[in-house]
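Asks: Structure provided below as structure tokens; questions to follow.
The values are calculated or read from the model by the stated rules, or taken from the named source; none is laboratory data. Everything quoted here is computed from the prediction, not taken from an experiment. Cβ atoms come from the backbone with ideal geometry, glycine included; neighbour counts cover every protein chain shown. Quick note on the areas: whole protein, heavy atoms, side chains included, nothing else; ligands and nucleic acids left out. Shrake-Rupley method; radii C 1.70, N 1.55, O 1.52, S 1.80 Å.
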Amino acid sequence: KNSPIQPKVVKRAELGALVLKVTNDKHINLEGSLHEYHYGNNYTPFKFSEVVSAIINIENRIQTSSENIRLHNLEFGVNISLPFPVSVFLEGILSYKGQEPDKLSYEGKGNLRKFHFQQYEVKFYDKGKQYHLTYPLLRIEIKVTRMNYLHEKGIPIHTLKDLTRNDFHSKLKGLLHKAIQGLILTENGLNGKN
């Protein structure tokens, strides 16, 4: 009652696949996937123009500029159709940047290989199994837990508005490409002599 600290009041609203939280009528927190917001899933192709369209739609719905929505973390990835089961690829992952993967299994939803670092995580998993698709679909994803990781790489993303910059998307694609290049893989069934 006599404390100078105000109680935390959080108002919450759902915007499709997104959750909007407003704390003490000052801070806006938006959680969820832009891809799922736009399409209802995150396994279909999601073009840059559609990212921009989704952000404009969010601005219109919540009646504020995306410049007012600060990003504290960010997940981005790519889906790749494979000509063989994703499990074969996942089982072949030995390491990434000298680190062995955390191997997780989700009942009925496939396997995941995750690498933890101080400011980010790299994940490889079976997106096709997650969504019960009839074709193998590998998801490669980077989860940025500290935005400084991106800033140090010359990608100064601070707000949701920054995701409407095509040059930043090109740089994020480059980080995904480096994640793939950093893997050490083995092929199941290889002859030891080879």
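Asks: Identify the residue in segment 165-189 that is of a type in the set (A, V, I, L, M, F, W, C) and over 17 Å from the mean Cα position of the chain (by Cα) and, among all such residues, is least open to solvent (accessible area, probe 1.4 Å).
Replies: Step one: filter segment 165-189 for residues of a type in the set (A, V, I, L, M, F, W, C), giving 168, 172, 175-176, 179-180, 183-185.
Restricting the remaining residues to those that are over 17 Å from the mean Cα position of the chain (by Cα) gives 183-185.
Values: L183: 24, I184: 92, L185: 87 Å².
Only one residue fits best here, namely L183.
Asks: Return the pair list, or none, for Cβ contacts closer than 8 Å from residues in segment 163-188 that are within 17 Å of E50 (Cβ to Cβ) to residues that are surrounded by fewer than 17 Cβ atoms within 10 Å (Cβ to Cβ) and aromatic (F, W, Y), at least 6 apart or on different chains.
Replies: Partner pairs satisfying both residue conditions: N166/F48; H169/F48.
Asks: Would you say P4 is open to solvent by 70 Å² or more (accessible area, probe 1.4 Å), in a loop (DSSP other than H, G, I, E, B) and touching a strand residue (DSSP E or B) at 6+ places or on another chain (Cβ under 9 Å)?
Replies: So P4 does not fit the description; no.
Here's the yes/no breakdown for (1) assigned to a loop (DSSP other than H, G, I, E, B); (2) without any contact (Cβ under 8 Å) to a residue 24 or more places away in the chain:
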{"site": "I28", "(1), (2)": "no, no"}
{"site": "E36", "(1), (2)": "no, yes"}
{"site": "T44", "(1), (2)": "yes, yes"}
{"site": "V51", "(1), (2)": "no, no"}
{"site": "N57", "(1), (2)": "no, yes"}
{"site": "N60", "(1), (2)": "no, yes"}
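Asks: Right, here's the next one. Determine the pairs where a residue that is part of a helix (DSSP H, G or I), located within segment 147-158, has a partner that is among the hydroxyl-bearing types (S, T, Y) with Cβ atoms under 9 Å apart, the partner being 6 or more residues away or on another chain.
Replies: Matching pairs, first to second residue: Y149/Y120; L150/Y120.
Asks: Can you tell which of E75, E14 is open to solvent by 80 Å² or more (accessible area, probe 1.4 Å), under 29 Å from F117 (Cβ atoms) and in a strand (DSSP E or B)? Steps first, answer last, please.
Replies: Details: E14 fails: under 29 Å from F117 (Cβ atoms).
Checking each option against the conditions leaves just E75.
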